[in-house]
Amino acid sequence: MELETRILAKNDALATKNRAWFAGREILALNLVSSPGSGKTTLLERTIRDMKITTKLYVLEGDQATANDGERIRAAGAPAVQVNTGAGCHLEADMVARGLVELKPESGSIVMIENVGNLVCPAMFDLGESAKVVILSVTEGEDKPLKYPHMFRAAELMILNKIDLLPHVDFDVSRAIANAREVNPDIIILQVSARSGEGLETWYDWLRHEVGQAREAAFA
Ligand SMILES: Nc1nc2c(ncn2[C@@H]2O[C@H](COP(=O)(O)OP(=O)(O)O)[C@@H](O)[C@H]2O)c(=O)[nH]1
Ligand SMILES: [Mg+2]
């Protein structure tokens, strides 16, 4: 218990440094969290390819093993640095700090941090991001916000992905939204398909708005 508190306190101090580093460069940093396979990398690939936001995008890829996602991102056209966590089930602030040295994002850009896929540990670790974005796909069940309340409480935005599959699964969208709002009344919810592109305009609108906020915050 005490060890956990000390680890979290050390992480929080480093996250505060990362946050100041981002703010000094007017960078919007987002921490993307979800179960494995809900579509984080696909959403990033699509976002990079669509280029509907004029802001330059960089990606820090967190996974226990492999460089696969980093390669997918580079193939889509954005700089990416892969951070492998080994046995670790989440990224920590110091890993992000080291990744940034290599990634070298320019001022005014967006840094997307794809966290290790699970809805438990990443909720506890602040990376210095502007916001956590949780991705839930329609194949996972509408009860997930209730089962993993910490994650959905920590997130500012929930992206409900794979809505192209709705005709084939018995997923109750309104129940999923109600469950998310039950644990986090303020959460913003967007419904998209990273495959078909449906709903992605709302995601790009949100990104543009957040980029503006990151720039304003730098002068506050
Ligand atoms: N039908 C459908 N499949 C998707 C969508 N988004 C991602 N996928 C698929 O879901 C699988 C996992 O996606 P991936 O982006 O690797 O998930 P990650 O583990 O969260 O990064 C892949 O086979 C994707 O092609 C979507 O919107 N619709
Ligand atoms: Mg991925």
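Under the condition of being free of Cβ contacts under 8 Å to residues at least 40 places away in the same chain, of a type outside the set (Asp, Glu) and farther than 12 Å from ASN18 by Cβ, the residues counted in region 86-103 number 5. Note on region 158-182: residues that are surrounded by 18 or more Cβ atoms within 10 Å (Cβ to Cβ) and more than 16 Å from ligand 2 (Cβ to nearest atom) total 7. Filtered by the rule that a residue be away from ligand 2 (no atom under 14 Å from the Cβ), under 23 Å from GLY117 (Cβ atoms) and either touching a helix residue (DSSP H, G or I) at 6+ places or on another chain (Cβ under 7 Å) or part of a helix (DSSP H, G or I) (or both), region 26-37 gives LEU28, ALA29. Only helices (runs of 4 or more DSSP H) whose full extent lies in region 38-130 are considered here, and the ones with at least 1 residues that are more than 16 Å from ligand 1 (Cβ to nearest atom) and buried (at least 20 other Cβ atoms within 10 Å of the Cβ) are 93-103. One residue stands out in region 136-158 among those that are of a type in the set (Ser, Thr, Tyr) and within 14 Å of ligand 1 (Cβ to nearest atom): the one that is nearest to the chain's Cα centre (by Cα), namely SER137. Restricting ALA23, ALA15 to those that are more than 12 Å from ligand 2 (Cβ to nearest atom), touching an Asp or Glu at 6+ places or on another chain (Cβ under 8 Å) and not in a strand (DSSP E or B) reduces the list to ALA15. Contact map, region 39-54: residues that are on the phi > 0 side of the Ramachandran plot paired with residues that are in a loop (DSSP other than H, G, I, E, B) and within 13 Å of ligand 2 (Cβ to nearest atom), Cβ distance under 7 Å, separation 6+ or inter-chain. Pairs shown: GLY39/ALA194. Inspect all residues belonging to region 104-112 and state whether any of them is within 15 Å of ligand 2 (Cβ to nearest atom), in contact with a Phe, Trp or Tyr (Cβ under 9 Å, 6 or more places away or on another chain) and modelled with pLDDT of 95 or more. Yes, region 104-112 has at least one match.
The values are calculated or read from the model by the stated rules, or taken from the named source; none is laboratory data. A quick note: this is a predicted structure, and the numbers were derived from the prediction, not measured. With ideal geometry, Cβ positions are generated from the backbone for all residues, glycine too; neighbour counts draw on all protein chains shown.
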